[in-house]
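Have a look at the structure below before the remarks.
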Amino acid sequence: MQQGTLMRKVKSKSWKKQRYFKLQDDCMTIWYQSKKTGKIESAFSISDVETVREGHQSEVLQSLAEEFPPERCFTIVFYGRRSNLDLIAGSAEEAQCWVQGLRQLIEPRSFPLTFALVSCTWIRDWFQKADKNKDGRMNFKEVQRLLKMMNVDMNEDHALRLFQAADKSESGTLEGEEFVLFYKALTQREEVLSLFQDFSEDGKKLTLLELVDFLREEQLEDEGTEELAMELIDKYEPSETARARHVLSADGFLMYLCSPEGSIFNPRHRALWQDMSQPLCHYFISSSHNTYLMEDQIRGQSSIEGYIRALKRGCRCLEVDCWDGPNGEPMVYHGHTFTSKIPFREVVSTLGKYAFKVGHPWVLGVMGGPQQVGGTRLQLRAVMEDSRSHGGDGSLKVPTSPPATRQELKHKILLKGKKIGRLEDTLDGPGDEAPDVSDDDNGAEAEEERRRAKVDGGTQHGSALQKDKETLAQALSDCVVYCKSVSFRGFQEARSHSRPSEISSLAEAKARKLIRDAGNEFVRHNAWQLTRIYPSGMRTDSSNYNPQEMWNVGCQIVALNFQTAGMEMDLCDGLFSQNGCCGYVLKPPFMRDEETLFNPSDPSSREGPGPVTLTIQVISGQQLPKVANSKDGAIIDPLVRVEIHGVPADQAHQETKYIENNGFNPRWDETLQFQLHVPELALVRFVVEDYDKTSRNDFVGQYTLAFANIKPGYRHIHLLSKDGTSIPPSSLFVHIRITE
């Protein structure tokens, strides 16, 4: 048997082991084995791979840059929290062969092909798992084991009937196409077939006019319906003969319902669909806290991977904590803790590569203020030089004056930090105003600055060094144009003395108090000035607060720990999955008016139409995943909970009954109903759990989206894992109605 390609698997500068890597014949699985023992160490599916990065694009490979050229290095990045795989090929040609080959296998294709590929991969994966003796065929005992693995608790007689019907060769085993027949019989969608037959006169096909009727009556498509029907037939009907006759078969109907056009998420809202010419303060902005951290706030790993993942997730506000490092090298880490450190240069280099994939502006928060970024002359100069030498086209593009609209900030970096002097002094000439102290100052950090000032001021040398630092700090301060950090001293003080180019940072507890005591004033404040909210210092485990209550008063920069999965990040991903995933979502009109009367605690203060009723019929589920670390043979008892996150009056949740022992094709047919007083701020979260009568239910999957992005009608909800990654082909089938 061919051994595969010999490459170095790298975990650290000193850990480099040679392994054989091989793509299996199914073109969907890669395994690697030890060169020394020949033992297969691990395997992964192509469907697990998110992307492939060429060159030194990880800390480990960057540390080996002098030993191995970038042409031989590449990184395989997996979905979710699985560690990346850093590899060094024997030659540049071998590296390119793997990089290009993997990209060909994982690149997005048109949806019908992707849907078919997912189904094909799913079938093949299950066949390989159940074929214990690896003889390429399955007997009935192996099929019974497969059903348990697939979350199916089926009557043995019924399973045997399906098995015998698929065994065309009457060999007592299933192989190849026979297993595909068995799988198709197993996955027959009775609820979809019934819906299809409701609109089909002969029960075998939908004519063009019948499909138009379905789209108008059930899917509430009201524009260009005939053209849409033709497009759907051309796109999703697998039979050439049916396409030529402009009819849709039951298979094509199911393909359509499982497609983006059949998704609960309005496909028109996937791309940019909102007005992007408003002032920056009129948008919610996807924001991260301590972006460099991969784990907890005390001993966690710092990594450029944190920046890469946040940016690819649509984050537009990043944080950098810059501190003294050895040999004049500024380092990024969580100050006064035991977190690991990464060179500032690597952070800037990474931002230059990934931050300008789209033209939308992003905010870079340099913590510590202009006189605390680095502790020596050389380090401050290094920060300045690096900041000025990197960007989308090789230069740091900071605005030279406060822009009127967000559009004017395209391809710009907004440096958020403290400022020496007033903004007017920067534009007209240097000033002598003392730096502001923002609310998010770390007490230990401030104490350290006072200690340094005392030590430096005690000698002539210290005085000269301090002067040098101040000169460089002024240069960095001059880059702070739009997001000058200022202390928050009350709404009246802000309205009298603050400017739209300034930003205040508030801890979550202080923000909550302001929401309780002065909700309307908070909304008005956020209509003209930026506010940043950050997690409590007590959240050393990198847990998150609920961002919804901050969005309810219009706070734009609601910083979350992106590395921590959970409901809070589900809401964040759900809000920002729209509008081209650009990281900006336009606030509703009543939150952009500086004289608004809106208060989230009083829904009647909202100007506009009255409440709406959201009716959700939860029909069925398909191929739900098993709970992680569950026992062999365990089958889930799934239920669906629908949660509404919005203003206090709209907060609600309802759930279906649980279905015993069926995670493969559970059927609920239950209707849930919600009244929304402020639908513009509502997020809807669908959660599937495994019911447990003696302990907490186990998480199975979820999907979250803004109410504004819901498409009514018969829709599929494609579930996501706890990490926010897709888990095909797991889905829910629902019917949605929205009435006023």
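The values are calculated or read from the model by the stated rules, or taken from the named source; none is laboratory data. Being a predicted model, the structure only gives us computed values, none of them experimental. In this analysis, Cβ positions are derived from the backbone assuming ideal geometry, glycine residues included, and neighbour counts consider all displayed protein chains. The protein model used for the area step is the full one, side chains on, heavy atoms only, and it has no ligands, DNA or RNA in it. Shrake-Rupley method; radii C 1.70, N 1.55, O 1.52, S 1.80 Å.
Below is a table of values for the structure above.
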quantity	calculated
Contour excess over end-to-end distance, with Cα ends at Glu329 and Ser277 and 0.36 nm allotted per residue	14.8 nm
Förster-model FRET efficiency, 60 Å R0, Arg495 and Gln18, C-beta, rounded to 0.05	0.35
Using a Förster distance of 30 Å, the FRET efficiency for Asp692-Thr739 (Cβ separation, nearest 0.05)	0.25
Cβ-Cβ FRET estimate between Thr615 and Glu66, R0 fixed at 51 Å, reported to 0.05	0.20
Lysines whose Cα lies under 16 Å from that of Lys419, excluding same-chain neighbours fewer than 8 positions away	Lys469, Lys484
Rg to Rh quotient for region 142-288, alpha carbon positions, Kirkwood Rh	1.14
Share of carbon and sulfur in the accessible heavy-atom surface of region 209-365 [1.4 Å probe, %]	50
Anisotropy class of region 5-106 from Cα gyration tensor, a/c 1.5 cut	rounded
Cross-link reach list, lysines versus Lys410, counting only Cα pairs under 18 Å and skipping chain neighbours closer than eight places	Lys312, Lys353, Lys357, Lys397
Tail beyond 18 Å, pair distance distribution of region 190-262 (Cα, percent)	27
Over 26 Å (Cα to Cα) - which of Lys13/Lys626; Lys148/Lys693; Lys235/Lys711 fall in this group	Lys13/Lys626
Most to least packed among 675-682, 157-164 [average Cβ atoms within 10 Å]	675-682, 157-164
Label-point separation in nm, Asn629 to Glu231, each point 7 Å along Cα→Cβ	4.6
